[in-house]
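Chemist: Dropping the structure in here first, questions after.
Read-outs throughout are calculated quantities, based only on the coordinates presented, and are distinct from any laboratory measurement. Please read these numbers as outputs of a predicted model, since none were measured by experiment. Every residue, glycine as well, gets a Cβ built from its backbone with ideal geometry; the counts of neighbours run over all protein chains shown.
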Amino acid sequence: MMTGLLLTIYLLVWIVFAVYGLHRLHLIRLFRRRDRSLCPPEPPGEWPTVTVQLPLYNERYVVTRLVAAAAAIDYPRDRLEIQVLDDSTDATRDLARAQVEALRARGIQAVYLRREERAGFKAGALQHGLERARGELLAIFDADFVPPPSILRDLVPYFGDPQVGMVQSRWQHLNQDYSMLAQAQAISLDGHFVIEHAARMSGGRFFNFNGTGGVLRRACVVDAGGWQSDTLTEDLDLSYRAQLRGWKFMFAPHVLCPSELPVEMNAFKAQQHRWVKGSIQVARKVLPRLWRSRAPLGVKVEASFHLTYNVAYVLLFFLALIVYPVVLARYRGASTTYTVADTSLFLLATCSVLFYFGYAQRETRADWKRQLRYLPFVMSLGMGLSVTNTRAVLEALAGHESPFLRTPKFRIERRGDRWKEKRYRSPLNGWAILEIGLGLYIAWTMISLAHAKVYAPLPFFLLYLFGFLYVGVLSLIHAYARR
């Protein structure tokens with residue numbers, strides 16, 4: 001009975017993976033059907049006032065770069081305001097204040113805003129700035145971003161349509177070639193921006209502001225209820241609330257905004273935990289309201305896929321635990337029907353993911369064929385992250401509250417830049433031991449299957465093996481290096 005139950009659960013897990021795989025193919029279909037003749041809108045006759053908001057929390061290594069980039073934005077000076085929203089508790093305060101004073105001495109409208117308490121984390125800082133902003137538009141750039149001088153002249157014209165509430169640029173990566181970890185992040189983010197945003201916009205679905213590298217209409221933020229801190233992804237939350245109010249969101253894929261990818265494993269895991277947990281929190285908060293709304297059925301279905309996609313990490317984690325006894329039972333049973341079903345679902349789930357990321361690279365890079373070699377690693381890394389991200393999903397479903405842990409930035413822009421001797425450290429927790437333990441369990445599983453002369457599943461197990469050991473061991477190595 002137990003074996004039968006495991007086999008049933010195993011089959012259901014792969015069915016879910018296959019459904020999400022079909023959804024990725026659907027997004028590619030929407031992407032291919034987009035209107036390629038659309039041109040950027042003409043510049044307005046009169047440029048609106050823009051407030052550039054720079055939220056900071058302990059960013060000593062990048063604050064100077066960020067403020068300098070904001071000050072270099074090419075926009076009418078009498079219509080540009082820069083807000084430095086600083087919640088820092090270290091030397092960043094003095095650096096940021098000095099930067100603002102230098103800008104004011106040059107005649108640039110800049111203000112330094114500091115709160116007594118860091119209530120609401122980034123959402124609280126943005127709301128604090130919103131209540132004091134001069135601009136009718138709000139441009140937000142996190143500390144790891146370097147907005148190009150042309151970004152406002154590229155994005156602001158979209159607001160000629162009074163229904164447009166947000167315009168998102170496409171993230172570019174300053175340090176994509178720094179390491180395999182950075183390469184994998186860049187490929188994953190390219191898929192999110194290039195395929196998902198363009199597909200959802202062209203298909204009339206909801207999509208999200210990514211929290212930075214974009215411009216929002218102040219009236220849109222206020223109408224949606226302002227910035228709220230009851231989830232860890234305030235940007236995703238606001239995006240859905242605003243679109244439910246009828247605001248139109250736009251994606252400008254030709255406008256690139258460079259950013260710095262995290263290069264330290266524990267920082268990357270903390271970022272992933274925040275993003276995954278926040279998305280499930282938003283799903284709990286927004287989906288019931290969305291399904292009660294008059295939004296088209298296609299919008300409701302797409303939003304459900306979008307906001308619940310990270311539940312797949314729980315299934316990945318569970319699959320790692322049960323796959324050994326299930327595979328043995330499948331081979332001992334020698335059922336042709338189950339073998340065909342398993343193989344078909346496996347190929348649909350995995351090939352759709354590889355095709356999705358590969359297609360995004362083809363659309364963004366001239367050397368896209370060279371990038372294809374990283375795709376197995378991208379899948380393996382996702383498997384390795386299943387421990388951290390399963391915890392994030394379960395915490396969100398249980399209503400467990402946790403603080404907003406910002407991702408440390410070290411100004412890593414190219415190969416050879418060093419970060420290990422710099423301040424700021426992401427916490428190492430005991431989950432790294434579980435990741436390594438699961439890697440050893442998968443290694444034992446592979447040896448046992450090879451001894452039983454069951455060779456076909458071994459390449460799939462190899463992805464799990466490398467993913468768990470890479471994430472777990474590198475977490476320990478980077479934590480030790482920081483000490």
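Chemist: At q = 0.17, 0.24, 0.31 Å⁻¹, what is the log10 ratio I(q)/I(0) for the stretch 288-335, with the Debye formula run over Cα points and no solvent?
Modeler: The computed values of log10 I(q)/I(0) come out as -0.65, -0.84, -1.03.
Chemist: Students often get this wrong, so check it: of 277/369; 122/420; 122/285; 269/420, which have C-alpha atoms separated by over 22 Å?
Modeler: On the way: 277/369 33 Å; 122/420 26 Å; 122/285 19 Å; 269/420 17 Å.
Beyond 22 Å between Cα atoms: 277/369; 122/420.
Chemist: I would also like to ask the following. By how many degrees, between 0 and 90 and to the nearest 10, does the Cα long axis of helix 336-364 differ from the longest principal axis of the chain?
Modeler: Between helix and principal axis, roughly 30 degrees.
Chemist: What's the angle, to the nearest 10 degrees (0 to 90), between helix 312-333's Cα axis and the longest principal axis of the chain?
Modeler: 10
Chemist: Sticking with this structure for a sec: Please work out the FRET efficiency for the pair residue 105 and residue 473, using the Cβ-Cβ distance as r and a Förster radius of 45 Å; give the result to the nearest 0.05. Present the calculation step by step, with values, prior to reporting the outcome.
Modeler: Working: r = 50 Å, r/R0 = 1.11.
Efficiency, rounded to the nearest 0.05: 0.35.
Chemist: Over the Cα atoms of the stretch 48-263, compute the convex hull volume and normalise it per residue, giving Å³. It would help to have the intermediate numbers written out before the result.
Modeler: On the way: hull volume 24.9 nm³, N = 216.
Convex hull of Cα atoms, per residue: 115 Å³.
Chemist: Principal axis lengths of the stretch 36-82 from Cα atoms, whole Å, largest first?
Modeler: Extents along the principal axes: 42, 32, 15 Å.
Chemist: How big is the charge dipole of the stretch 289-427 about its Cα centre, in debye rounded to the nearest 20, if each Lys and Arg gets +1 on its Cβ and each Asp and Glu gets -1 on its Cβ?
Modeler: Values: 22 positive and 9 negative charges, 136 e Å.
Using only the charged Cβ atoms, the result is roughly 660 debye.
Chemist: Please state the Cα pair-distance histogram of the chain with 10 angstrom bins from zero: what percent is in each bin?
Modeler: 4, 19, 29, 27, 14, 5, 2, 0
Chemist: Shifting gears a bit: Taking every pair of alpha-carbon atoms in the stretch 198-266, give the share separated by more than 21 Å as a whole percent.
Modeler: Working: 762 of 2346 pairs.
Counting pairs separated by more than 21 Å, the tail of P(r) holds 32 percent.
Chemist: Where nothing but the Cβ of Lys and Arg (+1) and of Asp and Glu (-1) is charged, how large is the charge dipole of the stretch 48-263 around its Cα centre, in debye to the nearest 20? Walk me through the intermediate numbers first.
Modeler: On the way: 23 positive and 26 negative charges, 106 e Å.
Roughly 500 debye, rounded to the nearest 20.
Chemist: Where does the chain land at 222 nm, in deg cm²/dmol rounded to the nearest 500, when only DSSP H runs of n ≥ 4 count, each adding -39500 (n - 2.57), divided by all residues?
Modeler: Working: 18 runs with 266 residues, N = 483.
One gets -18000 deg cm²/dmol as the mean residue ellipticity at 222 nm.
Chemist: A follow-up question, please. With θ set to phi - 60°, apply the Karplus curve 6.51 cos²θ - 1.76 cosθ + 1.60 along the stretch 411-419 and write out the HN-Hα couplings as whole Hz, x wherever there is a Gly or Pro.
Modeler: 6, 9, 10, 7, 4, x, 5, 10, 10
Chemist: Follow-up question, since we're still on this one. Tell me, what is the FRET efficiency for residue 116 and residue 77 to the nearest 0.05, using R0 = 30 angstrom and their Cβ-Cβ distance as r? Intermediate results must be reported in sequence, preceding the final value.
Modeler: On the way: r = 31 Å, r/R0 = 1.04.
It comes to 0.45.
Chemist: Under a 5 Å amide H to amide H cut-off, with H placed in plane at 1.01 Å, what residues pair with residue 164 once short-range neighbours are removed?
Modeler: Answer set, sorted by chain and number: 248.
Chemist: Work out from phi, with θ = phi - 60° and the Karplus expression 6.51 cos²θ - 1.76 cosθ + 1.60, the ³J(HN,Hα) of each residue of the stretch 158-168, listed in order in whole Hz, and give x for Gly and Pro.
Modeler: Result, rounded to whole Hz: 4, 7, x, 7, x, 8, 6, x, 7, 10, 10.
Chemist: Size of the dipole of the chain about the Cα centre, Lys and Arg at +1 and Asp and Glu at -1 on the beta carbon, nothing else charged, in debye to 20?
Modeler: On the way: 59 positive and 40 negative charges, 128 e Å.
Result for the chain is approximately 620 debye, rounded to the nearest 20.
Chemist: Name the residue from 405, 466, 383 whose Cα lies farthest towards the positive end of the charge dipole of the stretch 375-483, charges +1 on Cβ of Lys and Arg and -1 on Cβ of Asp and Glu.
Modeler: Going by the Cα projections, it comes out as 405.
Chemist: May I pose another question? Amide H to amide H, which residues 5 or more places from residue 251 or on other chains are under 5 Å from it, using H placed in the peptide plane?
Modeler: 168
Chemist: Quick one: give the max-minus-min coordinate of the C-alpha atoms of the stretch 386-428 along each principal axis, largest first, in Å.
Modeler: So the extents along the principal axes, rounded to whole Å, are 42, 20, 17.
Chemist: Let me ask something else. Starting from the 7 Å offset along Cα-to-Cβ, what nm value, one decimal, do you get for the label separation of residue 292 and residue 363?
Modeler: Reported label-point gap for residue 292 and residue 363 is 3.5 nm.
Chemist: Follow-up. Given 61, 242, 183, which one lies farthest toward the positive end of the charge dipole of the stretch 48-263, if we put +1 on the Cβ of every Lys and Arg and -1 on the Cβ of every Asp and Glu?
Modeler: Farthest towards the positive end: 242.
Chemist: So, one more: If you average the C-alpha positions of the stretch 186-258 and of the stretch 145-170 separately, how far apart do those two centres end up, in angstrom?
Modeler: Taking the Cα centre of each part, the stretch 186-258 and the stretch 145-170 sit 12 Å apart.
Chemist: Right, another one. Through the Karplus equation 6.51 cos²θ - 1.76 cosθ + 1.60, θ set to phi - 60°, convert the phi angles of the stretch 224-234 into ³J(HN,Hα) values in whole Hz; use x for Gly and Pro.
Modeler: Each residue of the stretch 224-234 in turn: 7, x, x, 6, 10, 10, 7, 10, 8, 10, 4 Hz.
Chemist: Cα atoms only: what Rg and Dmax, in Å, come out for the stretch 19-110?
Modeler: Calculated on Cα positions, Rg and Dmax stand at 20.0, 58 Å.
Chemist: With point charges of +1 on the Cβ of Lys and Arg and -1 on the Cβ of Asp and Glu, referenced to the Cα centre of the chain, which listed residue (102, 479, 341) lies farthest in the positive direction of the dipole?
Modeler: Checked the options; the winner is 341.
Chemist: For a bin width of 10 Å, list the pair-distance distribution of the stretch 338-377 built from all Cα-Cα distances, rounded to whole %.
Modeler: 29, 41, 22, 8, 0
Chemist: Okay, next question. With axes computed from alpha carbons, what is the tilt in degrees of helix 431-451 against the longest principal axis of the chain, rounded to the nearest 10 within 0 to 90?
Modeler: 30
Chemist: In terms of modelled amide H atoms, which long-range or inter-chain residues lie less than 5 Å from the amide H of residue 139?
Modeler: 51, 52, 53, 216
Chemist: Subtract the Cα-Cα distance of residue 425 and residue 372 from 0.36 nm times their separation in residues, and report this length gain in nm to one decimal. Intermediate values should be presented prior to the final figure.
Modeler: Details: separation 53, 0.36 × 53 = 19.08 nm, distance 3.24 nm.
That works out to 15.8 nm of additional length.
Chemist: Which whole number in µm²/s is D for the stretch 158-292 by Stokes-Einstein, with the Kirkwood Rh taken over Cα pairs at 4 °C and 1.567 mPa s? Present the calculation step by step, with values, prior to reporting the outcome.
Modeler: Numbers: Rh = 15.7 Å.
Estimated diffusion coefficient is 82 µm²/s.
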